[in-house]
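A.B. asks: Quick one: structure below, then a few questions.
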C-alpha cells in the first residue's frame, strides 16, 4: 500500500514533468498533463483488479489512502511545478469537499454494497457473474463514447499532441508500477501496475476548472478523454491476461 501510494503521488508527478520537458507539448497540454499527473488514483482500478482476479481490497486501500494524501501533495506540486506558475493561488480553494464526496459515492459506497450483496446472495452472484461483468463492460463503453463525443472537436484540433502525451504518460505510469512491484508477488505487482496507470480523471477535471481559463477547458477535457480511453483499453487487456494466468490455479 505504501509503495502504491508513493508511486502515484510522488513519482508520477515527476514523470509527468519529465515528459512535458522532453516532448515539449503546447503550454496548455503541458498543464493538462501535470494536472493529471498530480491527481490521485481512480476508483475504477478496483474494477480492473476484479476482472483480473487480483487483490481488490489492496487496490481499494491504495486508492483510498492515496486520495486522502493527495490533499497535501496536490497543493505542494502546484507550488513546485514551473509550468503552473501564477496558478498556485487558485489552489487555496482546492475542492476538497467535492473530491471526498466523489470518493465516497463512486468508490466506498459501491464497494460496501458489492460486499453486502455478495455476502447475502453468493449463489446468485456466482450464477450471474458473467452477465454482471458484461453489463459493466457495456457501461464503460457508453461512458467512453460519450466522453469522446463531448470533446471530439478539441481532440481533433490537438490530435497528434494528445496521442503522444497520453500514450507516453500511460507507459511511464505502468513502468513505475512494474518497477515498484518487482520485489513483491506477481499479483501484488499487477495491482501496483493498475494503480499507477489508473488516474482519477474526474479530480483532474476539477483541478482544471480551478486553474485553467474557460477557453482551455475543452482541450483539458479532450486530453483526459483520450487518456481514459488508453487507460481502459490497456487495463482491460492487462486484467484479462492476469485472469487467464490465474485460472489454471483455480480449476
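Bear in mind these aren't lab numbers, they're just calculated from the coordinates by the rules spelled out. Note that the coordinates shown come from a computational prediction; the quantities given were computed from them, not determined experimentally. Don't worry about glycine lacking a Cβ; one is built from the backbone with ideal geometry, like all the others, and counts go over all protein chains shown.
A.B. asks: May I ask you to compute the full-extension gain from residue 1 to residue 18, defined as 0.36 nm times their residue separation minus their alpha-carbon distance, rounded to one decimal in nm? Walk me through the intermediate numbers first.
C.D. replies: Working: separation 17, 0.36 × 17 = 6.12 nm, distance 2.49 nm.
Extending this stretch completely gives an extra 3.6 nm.
A.B. asks: Given the Cα-Cα distance of residue 139 and residue 179 and 0.36 nm per residue of separation, how much length would full extension add, in nm? Spell out each step's value before the answer.
C.D. replies: Working: separation 40, 0.36 × 40 = 14.40 nm, distance 3.20 nm.
Extra length available between residue 139 and residue 179 comes to 11.2 nm.
A.B. asks: How far apart, in nm, are the 7 Å Cα→Cβ label points at residue 119 and residue 101?
C.D. replies: 2.8
A.B. asks: Between [x] 0.93; [y] 1.04; [z] 0.97, which matches Rg/Rh (Cα atoms, Kirkwood Rh) calculated for the structure shown?
C.D. replies: [z]
A.B. asks: Quick one: among 227, 47, 128, which has the greatest mean-square fluctuation in a GNM of the chain with alpha-carbon springs under 10 angstrom?
C.D. replies: Ranking 227, 47, 128 by mean-square fluctuation puts 128 first.
A.B. asks: Let me ask something else. How would you rank 171-177, 192-198, 72-78, highest first, on the average number of other Cβ atoms within 10 Å across their residues? List each step's numbers first, then the result.
C.D. replies: On the way: 171-177: 20.7, 192-198: 29.4, 72-78: 18.1.
Peptide ranking by packing, descending: 192-198, 171-177, 72-78.
A.B. asks: Sticking with this structure for a sec: What does the extension gain come out to for residue 132 and residue 10, with contour length at 0.36 nm per residue minus their alpha carbon separation? Walk me through the numbers before you get to the answer.
C.D. replies: Values: separation 122, 0.36 × 122 = 43.92 nm, distance 3.55 nm.
Result: 40.4 nm gained on full extension.
A.B. asks: If you don't mind, there's one more thing I want to ask. Can you work out the FRET efficiency for the pair residue 241 and residue 71, with r the C-beta to C-beta distance and R0 = 30 Å, to the nearest 0.05? Write out the running numbers ahead of the final one.
C.D. replies: Details: r = 34 Å, r/R0 = 1.14.
With R0 = 30 Å, the Cβ-Cβ based efficiency is 0.30.
A.B. asks: Along Cα→Cβ, 7 Å out, is where each label goes; now give me the distance between the ones at residue 229 and residue 80 in nm to one decimal.
C.D. replies: According to this spin-label approximation, the distance is 3.2 nm.
A.B. asks: What is the distance in Å between the Cα centroid of segment 7-44 and that of segment 157-209?
C.D. replies: After rounding, the separation between the Cα centres reads 9 Å.
A.B. asks: Follow-up. Taking 8 Å as the Cα distance limit and 6 or more residues as the minimum spacing, I'd like the relative contact order of the chain as a percentage. Before the final figure, lay out the partial values.
C.D. replies: Working: 285 pairs, mean separation 88.3, N = 251.
After rounding, I find 35 percent.
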